Amino acid sequence: MRRRNAVGRLGRAVTAAAVLTAMGLAAQPALAQPALAQPAAAPPAKAAPAAGPVAGQGCAAADLGKRHPFIKTTEVSPTITHFKGWYVTEGTTGTHTVSTSTQTVIAVSVGVNGNVEGGFGSEVLGKVGASLGLNVKVDYTSTSEVSDSIVWNFVQPGYYGLYKGTKKVTGTYGSLHCNRVQQGGGSYTLQWVKGSDSGSYTTYTTLEEGAVRCEDSVPAHSIMAKAQTLLDCGSATATAEHAAGPVPSAKAEAKAKAEATAARHTAGSATEATRSAKAGPATAATARAALTCGTDVYKIAVPGKPLSFGAPLLANDGVRLRPSTIFSAHLDHWRLCDVTENNGVLEATLWNWGNGGCATIAPQNPATERAVLMTAACAEDDLQRFYVYRDVPGSGKIGLQNKYTGSMIGHDRYADGEFLRQYSSGRQDGTGTYDLVKV
């Protein structure tokens, strides 16, 4: 049996009426109570806004390979996850175990992969909670997809709606990046700027359960008010006499069936739609791109170190840190192709002179944290496009961000043969900053 949220075994129940009266509400609530009460918890203190950079604030060259979120929009909506209409007659009051029907499944997600992976997603949700003063889920989880039981002590006959619900929080975010910004007089400085990438998020607050009747006056826009709408107050179902026990509601049952079915496919469908819209046809089905490349050739090196990006000879291998020698066979040489610039941020395809391929994140689960940077046949594909964040003129230091995934390129450790990988927030120790060295 599930944990009981009760008032007490000796009948010293605090009714919902007393609770609402204490809150200053004149209305009378459902005369029912959880079966075993816990001491009332103090409301959580409103969280202070999460610290972090803001647009226009100065940054340093070590920040070129980092990424931080900012919240663009938020929407909070009370949502019922489980519900059941229940009729209590004279002589049947007391504790009932009610099996509810699933109404809505909420899954926590950030960005294109419908999951919360890496530091960036958690940082997004942390900023959401801080900005709203709510305790929201910051790791991947979802509400129950199956029926759930509520144990409730009914102290008066009547028609009740038993529910579990939460506040669903949705919205959009953008990201901040360090990049050079031209000042008056032609000088440059490094500042945090708003990047081109953005995305959406979904999360929810702690689940709560309760019971409500049609005649109860409840706070507007509350979870309880949302549950009350499922009672079909005024309908024949709500006003008729019933035997004790569950009361079928055509509206509630139809809604439960439709939403439960849709919820099982929401995350996957939304993710696939986002990917299709952003990436277009799969790389394998796309003709080789006719690139327009600059004449300059570069090494992408670790600042002050001899190792640089080295493309693989084998298709299933990845880009690694390699020393540049006479035996490198141009695998350490790169050209910037199809270059565009928007608000001082370059966007380019990285073409390798040695193997003729373009740098890319593999299309299988592309948003996976720490996915290896690879090369593939050049194509019209956002997985092969990179934003280049630059230091002030005279310095070759850069940070690289994949256009499709939004992740920054970096490495775990400085070592010969170490893979270059993507990190959702970049490398916060500064190791995601590289030198674009003209050969």
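How would K66, K226 line up by accessible area, probe 1.4 Å, largest first? Let's see the in-between values first.
Details: K66 25, K226 95 Å².
So, going from the largest accessible area down, we get K226, K66.
With a 1.4 Å probe and every protein chain left in place, work out the accessible area per residue of the stretch 325-439 in Å², rounded to a whole number. Mind showing how you got there, number by number?
Working: 4420 Å² over 115 residues.
Per residue, the stretch 325-439 has an accessible area of 38 Å².
Between A60 and A329, what FRET efficiency comes out of the Förster formula 1/(1 + (r/R0)^6) with R0 = 51 Å and r the beta carbon distance, rounded to 0.05? Can you show the working numbers first?
On the way: r = 36 Å, r/R0 = 0.70.
Using R0 = 51 Å, I get an efficiency of 0.90.
Could you work out how far apart the two model spin labels at K72 and N365 are, taking each label as a point 7 Å from the Cα in the direction of the beta carbon, and quote it in nm?
Reported label-point gap for K72 and N365 is 2.8 nm.
Only Lys, Arg, Asp and Glu count, each charged at its Cβ (+1, +1, -1, -1), so figure out the dipole size of the stretch 351-437 about its Cα centre, rounded to 20 debye.
Taking the Cα centre of the stretch 351-437 as origin, the dipole is about 120 debye.
So, in nm, how far is label D412 from label S131 when the simple model puts each one 7 Å beyond its Cα toward the Cβ?
Reported label-point gap for D412 and S131 is 3.4 nm.
Given points 7 Å out from each Cα along the Cα-Cβ axis, report the L207 to D139 separation in nanometres with one decimal.
The answer from the label model is 1.7 nm.
Return the carbon/sulfur percentage of the accessible area of the stretch 348-425, one whole number, probe 1.4 Å, all protein chains in place.
Answer for the stretch 348-425 is 50 percent, counting heavy atoms of protein chains only.
Quick one: compute the contact order of the stretch 164-235, relative version, from alpha carbon pairs under 8 angstrom and 6+ residues apart, as a percent. Could you put the intermediate results ahead of the total?
Numbers: 92 pairs, mean separation 24.4, N = 72.
Relative CO of the stretch 164-235 lands at 34 percent.
More than 13 Å apart: what percent of Cα pairs in the stretch 154-199 qualify? Don't skip to the answer; put the middle values down first.
On the way: 774 of 1035 pairs.
Everything past 13 Å amounts to 75 percent.
Where only protein heavy atoms count, and the probe is 1.4 Å, what is the accessible area per residue for the stretch 107-219 in Å²? Please report the intermediate quantities before stating the final value.
Working: 4110 Å² over 113 residues.
Computed with neighbouring chains in place, this is 36 Å² per residue.
The values are calculated or read from the model by the stated rules, or taken from the named source; none is laboratory data. Since we're looking at a predicted model, the values are computed, not measured. Note that each Cβ is placed from the backbone with ideal geometry, even for glycine, and that neighbours are counted across all protein chains shown. Heavy atoms of the whole protein, side chains included, go into the accessibility calculation; ligands, DNA and RNA do not. Shrake-Rupley method; radii C 1.70, N 1.55, O 1.52, S 1.80 Å.
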